[in-house]
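The values are calculated or read from the model by the stated rules, or taken from the named source; none is laboratory data. Quick caveat, the model's predicted, so the values are computed rather than measured. Here the Cβ positions follow ideal geometry from the backbone for every residue, glycine too, while neighbour counts run over all protein chains shown. Protein only, heavy atoms only, side chains kept; ligands, DNA and RNA dropped before computing areas. Shrake-Rupley method; radii C 1.70, N 1.55, O 1.52, S 1.80 Å.
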Amino acid sequence: MSETEMPGTSGSETAHNGLALSDAERVGHYIEMWKQATQVNQHFNDIEWRIRGLALTVATFSIGAAGVAAREGATAFGVSVGSLLLVVGLLLWYAFYFVDLAWYHQLLRASVSQTEKIEQEIIKVLPLGGHATAITAGSAYRPNGLVRFLSRRESMRSSDKLMWFYRVGALALILVAIGLQISSMQTEPTPDPVPAVTVKIDR
């Protein structure tokens, strides 16, 4: 019995237990793990983009409904109904932001981090096996102009871009809500027409 084998185990069982795997066998297992990790990355990324698409749909619907309400001049307690609809849209926008950033984006980052760890083992044998690592390194964005001034960042990563997306959407909803409210306050109600009085003089 060899020193690497336990009593009652064969050589193949020992290999499966990870005590005598060759480099090729280890890389093969890592590649299978990498494939599964990559599919998980794609799954979380797809969910995030669906969330953002739904958020844009809700924001567009809120603006459209607010426009119709503003055209009708509807108010409630002195506040434009259009502005109130946009406030509701803003709350829903924040809900999408929370689910996106605090929920699935954290899962995506954890999954990508694990994928990079797997790739560190693969590139020991296959130097060009760092696909996820290369994407992470290349995803950095150096903002210019207004984006750089407002974000106050020299470089933006995926989380920074995500927050910028939702902040711009929230700002748009807030500005439209304020505009509709100011417009409703400046619009004077049209007075009811005075009925004409006909005077008949008998001769």
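Using a 1.4 angstrom probe on the protein heavy atoms only, could you order GLU48, GLU72, GLU32, GLU116 from most to least accessible area?
GLU72, GLU32, GLU116, GLU48
State in Å² the accessible area per residue of the stretch 122-171; use a 1.4 Å probe, count heavy atoms of protein chains only, and round to the nearest integer.
70 Å²
Taking every eigenvalue of the Cα gyration tensor of the stretch 36-187, multiplying by 5 and rooting it, what semi-axes result, largest first, whole Å?
Output for the stretch 36-187: semi-axes of 42, 17, 9 Å.
Starting from the Cα-Cα distance between ASN45 and SER151, subtract it from 0.36 nm times their residue separation and give me the gain in nm to one decimal.
Result for the pair: 35.8 nm of gain on full extension.
Which residues does a label at PHE61 reach in the stretch 70-95, if reach means a backbone N under 16 Å from a point 7 Å past the Cα toward the Cβ?
From the stretch 70-95, the list is 85-95.
What accessible surface, in Å², does a 1.4 Å probe find on TRP164, ignoring ligands, DNA and RNA and rounding to the nearest 10?
70 Å²
For the stretch 53-108, what is the accessible area per residue in Å², given a 1.4 Å probe and the full set of protein chains?
59 Å²
Take the Cβ-Cβ distance between SER139 and GLU72 as r, set R0 to 30 Å, and report the resulting FRET efficiency rounded to the nearest 0.05.
Computed FRET efficiency for SER139 and GLU72: 0.05.
Net charge around SER83, counting only other residues with Cβ within less than 14 Å of its Cβ (Lys, Arg = +1; Asp, Glu = -1)?
So the environment of SER83 carries a net charge of 0.
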